1. Please report MET58, MET153 as a ranked list, fewest other C-beta atoms within 10 angstrom at the top and most at the bottom.
2. Using +1 on the beta carbon of Lys and Arg, -1 on that of Asp and Glu, and nothing else charged, what's the dipole of the chain about the Cα centre, debye to 20?
3. Calculate for the chain the 222 nm mean residue ellipticity that helices alone would give, adding -39,500 (n - 2.57) per DSSP H run of length 4 or more and normalising by residue count, nearest 500 deg cm²/dmol.
4. Report, in whole Å, the centroid distance computed from the Cα atoms of the range 1-77 and the range 94-146.
5. Give me ASP18, ASP62 sorted ascending by neighbouring Cβ count inside 10 Å, so fewest comes first.
6. Restrict the search to the range 57-142; then list the trypsin sites (Lys or Arg not before Pro) that DSSP places in a loop and that have at most 10 other Cβ atoms within 10 Å of their Cβ.
7. Listed here are the pairs LYS15/LYS43; LYS26/LYS70; LYS43/LYS157; LYS104/LYS143; which of them are more than 19 Å apart at the Cα?
8. Describe numerically, in nm with one decimal, the distance between label points set 7 Å from Cα along Cα→Cβ at LEU4 and at LEU162.
Amino acid sequence: MVTLTFFRTFLFPIKYADLVTKYSEKYNLDTYLVFSIIRIESKFNPQATSHKGARGLMQITDQTGAWAAKEIGIENYHSDRLYEPEINIQIGCWYIRKLINQYKDNLETSLAAYNAGSGNVSKWLGNEKYSDDAEKLNFIPFKETREYVEKVMKSQKCYERLYKNSKK
């Protein structure tokens with residue numbers, strides 16, 4: 001029989017909770033959203049590197065990392081620091097908050113931009129094939145991004161069900 005402990009420990013773990021809580025609060029994010037992004041992006045592996053060169057827990061690209069580090073004042077920054085959980089989570093939380101603000105609190109559109117880049121999302125929002133109102137995506141043309149958004153949203157709901165009203 002599959003137990004709640006199995007789901008919590010193996011399928012939806014809470015790792016780096018102190019850092020996730022710290023930066024979720026700082027950037028006004030739902031902690032379950034951040035855990036979900038980390039779970040989908042890297043499976044909580046701080047040394048993860050994607051085929052496109054994104055690094056660390058939240059899979060930050062070198063370009064985004066350098067830009068974010070400058071914006072938020074991280075000293076002695078270099079791209080290898082993206083493998084440090086605190087730096088990666090801080091930058092990832094800052095970036096997802098920036099996207100949520102940019103896309104007027106539309107989480108699905110923000111997650112699409114996190115995955116596919118805001119340049120792609122801006123093009124999609126300007127195309128009536130993908131957006132009726134130029135603010136919300138009705139369809140995400142990249143299958144990988146469409147599946148990514150769906151996975152993060154489902155994962156966030158699972159985290160809420162498994163952990164809400166209980167000790168982490």
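1. The order, fewest Cβ neighbours first, is MET153, MET58.
2. Around 540 debye, computed over the chain.
3. Only helices count here, giving -17000 deg cm²/dmol.
4. 20
5. So the ranking, lowest neighbour count to highest, is ASP18, ASP62.
6. LYS104, LYS129
7. LYS104/LYS143
8. Going from the LEU4 label point to the LEU162 one covers 1.3 nm.
Only the coordinates and a few stated rules stand behind these numbers; no lab work does. The model shown is predicted, which means the values in this text are computed figures rather than measured ones. Note: ideal-geometry Cβ built from the backbone for every residue, glycine included; neighbour counts use all protein chains shown.
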